[in-house]
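A short worksheet on the structure shown next.
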Amino acid sequence: MSVMDKLKQMLKGHEEQAGKGVGKGGDYVDERTQGKYSGQVDTAQERLRQQLGSEQTGRTDPGREDPPR
């Protein structure tokens, strides 16, 4: 079992909190680097949220279409 599988199992049912933690971590890195790597941090946050199953990405899945407004 990989580390990511173990994390997913531990966080099951707590995806929203995990998403918030990813956001806070990214904000901390942006603050410490004065936004120098904000594009890379945003990409890393999005990918990590997808891996952890968080619905906090702010985007729909690439395979699905956006719902009508």
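Details
- Scanning the range 35-54 for residues that are buried (at least 17 other Cβ atoms within 10 Å of the Cβ) and among the basic types (K, R) yields one hit, R49.
- Residues that are more than 13 Å from the chain's Cα centre (by Cα), of a type in the set (G, A, S) and under 12 Å from G53 (Cβ atoms), drawn from the range 1-43: G13
- Residue within the range 24-34 that is exposed (fewer than 13 other Cβ atoms within 10 Å of the Cβ), at pLDDT below 85 and not in a helix (DSSP H, G or I) present: no
- Cβ separations smaller than 6 Å between residues 6+ apart or across chains give the following pairs from the range 1-13 residues that are surrounded by 11 or more Cβ atoms within 10 Å (Cβ to Cβ) to residues that are at pLDDT 85 or above and in a helix (DSSP H, G or I): L11/A18.
- Candidate set: the range 35-65, residues that are among the charged types (D, E, K, R) and within 23 Å of S2 (Cβ to Cβ); chosen: the one modelled with the lowest pLDDT: D61
The values are calculated or read from the model by the stated rules, or taken from the named source; none is laboratory data. Model, not experiment: these values are computed from the prediction. Every residue, glycine among them, receives a Cβ derived from its backbone with ideal geometry; neighbour counts consider all protein chains shown.
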